[in-house]
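Everything on this sheet refers to the single structure shown next.
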Amino acid sequence: MDWDKLRSFHAAAETGSLTAAGERLRISQSAVSRQIAALEEGVGVPLFQRHARGLVLTDAGIKLHSATTAMARAASVANNVIKDAKDSPQGDLVVTAPIAFGSTWLIERLHKFTELYPDIHLHLYLDDREYDLLKLEAECAIRLWAADKADLIQRKLMSVKTSLYASPDYLEQFGTPERPEDLDNHRIIVYGEQISPMHVINWAQRVGRDDRAPRDASLTVNNVVGMVRAAEAGLGVADLPDYMIPEQSKLKKVLPGITGPHFDLYFIYPTDLRKSNRIAAFRDFLTSEISAFKNSTD
């Protein structure tokens, strides 16, 4: 079978759309459609059912998709082997990280990495969802939860502490809570993406409630950066990672004697890439920067 046709089929199967498949492959929608039609003619059975809402795999398509998934992974691994064949780390490196950590702590330090490794071209995907590293949706990940698959290598980077914060204007208007139970009379800002492990950050809803139902939220936001901005705007009390609140911030700790959930930050990558000099370079950079950060905050 022609690999170009299989690539078009695989991209369409993954995205459920000819347009999205074309964007992924950087070819036109009509080219994807022609290649899939030629593939279906060659195998003698339809691979997709066409619907107004997108493409749905037939039974034959499901079987072929299983095969092309393995082929696509093998092709990506081969491509990575070529990237890492040279002594000096170079080429593209796809990294995923949580929105808050990536857009605050990580971004402001990446200039050091680009100075150390000018031939590595970073593609940084900031998202609180979990990218599938075994399908090489990304080559490595920074996550606030441990890997749960045997084919992934992980290294703990640090523990992230959280605390309750609110703006001085908010506390002046609504009063400063003295006990956890006082939060019953306050506006609570929560993380609103419940499908992510990040939802445990919604400690402000639960502290002091014991077996009672969590407090109602006055505002839900689907990323932590937005929660910080909401707290700064005086919209309520939020549970936030301490590393996101610089010393010059106007936000004040609420119930400072009580700390929220701790997250362990991990660097994770597939075992297939354990010899990658690009991954090793980024891992060592992260380890060094986090060590310096921890020393500065101790």
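The values are calculated or read from the model by the stated rules, or taken from the named source; none is laboratory data. It should be emphasised that the depicted structure is a prediction, and the values quoted were computed from it without experimental measurement. Please note: Cβ atoms are built from the backbone with ideal geometry, for glycine as well, and neighbour counts cover all protein chains shown.
Before moving on, here are some points about what is shown:
- Residues in segment 114-130 that are within 20 Å of the chain's Cα centre (by Cα) and at pLDDT 90 or above: HIS121, LEU122, HIS123, LEU124, TYR125, LEU126.
- Every residue from segment 206-242 that is in contact (Cβ under 8 Å) with a residue 40 or more places away in the chain, under 26 Å from PHE293 (Cβ atoms), in contact with a Gly (Cβ under 8 Å, 6 or more places away or on another chain) and surrounded by fewer than 22 Cβ atoms within 10 Å (Cβ to Cβ): ALA230
- Odd one out for ASN295 among (1) crowded, with 18+ Cβ neighbours inside 10 Å; (2) under 27 Å from LYS156 (Cα atoms); (3) free of Cβ contacts under 8 Å to residues at least 24 places away in the same chain; (4) over 21 Å from the mean Cα position of the chain (by Cα): (1)
- Breaking point among (1) outside the structural domain of ARG129 (by TED's automatic domain parsing); (2) modelled with pLDDT of 95 or more; (3) in contact with a helix residue (DSSP H, G or I) (Cβ under 9 Å, 6 or more places away or on another chain), for PHE282: (1)
- If the condition is being within 22 Å of PHE285 (Cβ to Cβ) and touching a residue at least 60 places away in the same chain (Cβ under 8 Å), then segment 123-144 contributes LEU133, LEU136, GLU139, CYS140, ALA141, ILE142, ARG143, LEU144.
- Whenever a residue of segment 51-77 is closer than 13 Å to ALA12 by Cβ, its partners that are outside any loop (DSSP other than H, G, I, E, B) and of a type in the set (Phe, Trp, Tyr), lying with C-beta atoms within less than 6 angstrom and at least six residues away or across chains, give the pairs LEU55/PHE48; GLY61/PHE48.
- Residue match in segment 228-251 (condition: farther than 28 Å from LEU110 by Cα and charged (D, E, K, R)): no
- In summary, strands (runs of 3 or more DSSP E) completely within segment 112-189 and bearing 1 or more residues that are exposed (fewer than 12 other Cβ atoms within 10 Å of the Cβ) occur at 120-126, 152-166.
- Filter result for PRO261 (more than 20 Å from ASP127 (Cα to Cα) and modelled with pLDDT under 90): yes
- Top-ranked residue of segment 55-108 - restricted to ones that are closer than 30 Å to PHE293 by Cα and surrounded by fewer than 16 Cβ atoms within 10 Å (Cβ to Cβ), ranked as modelled with the highest pLDDT: ILE107
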